[in-house]
Amino acid sequence: PAALSDRERFNAEVEEVRTKLREGRNYMLDRLRQMRFVVPNAPGGVFVFPKVPDNLNLTRPEIPGVVVPPDIELTYSERFAYHALSYGVAIVPGVDLGSADHFRLPFCMDRAEIEQGLDKLQMALEAA
């Protein structure tokens, strides 16, 4: 067989990245939905934007090394983000993105990191 051209190699590498992102996204969407998160279908980019489930018991965060001034009123997604952080998973609260009841998670990492993060997020959710 003839050697691949630079363009063919580039296209093959791009397709490999697209496949890994699609697989990571689909795995994350499935896991999040199993955990009772509502997630929009087929998000674009490299993030998903789940809705924080209603009626979680989210108290003011107490995380060593993290100080939240008592006069700051936290939104629901911010309280959930601090709660998740106390279980070792960092999420971006939706209030920073224009939606106070959603949060952002990336799926542009390897599968083991996605699994580990979702395992921690599941523990946080079960404890709330």
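The values are calculated or read from the model by the stated rules, or taken from the named source; none is laboratory data. All values reported here derive from a predicted model rather than from experimental measurement. Heads up, the Cβs are rebuilt from the backbone with ideal geometry, glycines too, and the neighbour counts pull from every protein chain shown. Note: areas computed on protein heavy atoms with side chains; ligands, DNA, RNA excluded. Shrake-Rupley method; radii C 1.70, N 1.55, O 1.52, S 1.80 Å.
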- Note on the structure: Asserting the computed 222 nm helical MRE of the chain (DSSP H runs at least 4 long, -39500 (n - 2.57) per run, divided by residue count, to nearest 500) equals -15000 deg cm²/dmol
- With θ set to phi - 60° and the Karplus curve 6.51 cos²θ - 1.76 cosθ + 1.60, what are the ³J(HN,Hα) couplings of the stretch 58-70 in order, to the nearest whole Hz, using x for Gly and Pro? 10, 8, 4, x, 10, 10, x, x, 10, 10, 10, x, x
- Neighbourhood net charge (13 Å Cβ-Cβ; Lys/Arg +1, Asp/Glu -1) for ARG7: -3
- Message: Let me check I've understood the local charge: for PRO93, count other residues with C-beta under 15 angstrom from its C-beta, Lys and Arg +1, Asp and Glu -1. What total comes out?
- Response: 0
- Task: Pop out the ³J(HN,Hα) list for the stretch 26-40 in order, Karplus 6.51 cos²θ - 1.76 cosθ + 1.60 with θ = phi - 60°, rounded to Hz; leave Gly and Pro as x.
- Result: 5, 4, 4, 4, 4, 5, 4, 5, 5, 8, 6, 7, 9, 10, x
- Message: For the chain, take the longest principal axis of its alpha carbons; what is the angle in degrees between that and the long axis of helix 111-127, to the nearest 10 within 0 to 90?
- Response: 20 degrees
- If R0 is 30 Å, what FRET efficiency do you get for GLN122 and ASN11 from their C-beta distance, rounded to 0.05? 0.20
- Area accessible to solvent at ARG60, 1.4 Å probe radius, in Å²: 100 Å²
- Item | Percent accessible area from carbon and sulfur atoms, the chain, protein chains only, probe 1.4 Å | 53 percent
- Given that just one value was derived from the coordinates, which of [x] 55; [y] 36; [z] 42 is percent of Cα pairs over 24 Å apart? [y]
- For SER5, the accessible surface traced by a 1.4 Å probe with all protein chains present amounts, in square angstrom to the nearest 10, to 50 Å²
- Could you tell me the accessible area of ILE63 in Å² (1.4 Å probe, neighbours in place), rounded to the nearest ten? 30 Å²
- Item | Solvent exposure of the chain as accessible area per residue, Å², 1.4 Å probe | 63 Å²
- Between VAL48 and residues 5 or more places away or on another chain, the pairs with built amide H atoms under 5 Å apart involve LEU105, PHE107
- Show GLU13, GLU8, GLU73 ordered by accessible area, largest first, where the area counts protein heavy atoms only and the probe is 1.4 Å. GLU73, GLU13, GLU8
- With a ≥ b ≥ c the root eigenvalues of the C-alpha gyration tensor of the stretch 72-128, is it rounded (a/c under 1.5), prolate (a/b larger than b/c) or oblate? oblate
- Note on the structure: Counting only residues 5 or more apart in sequence or on a different chain, those whose built amide H sits under 5 Å from that of VAL38 are LYS51
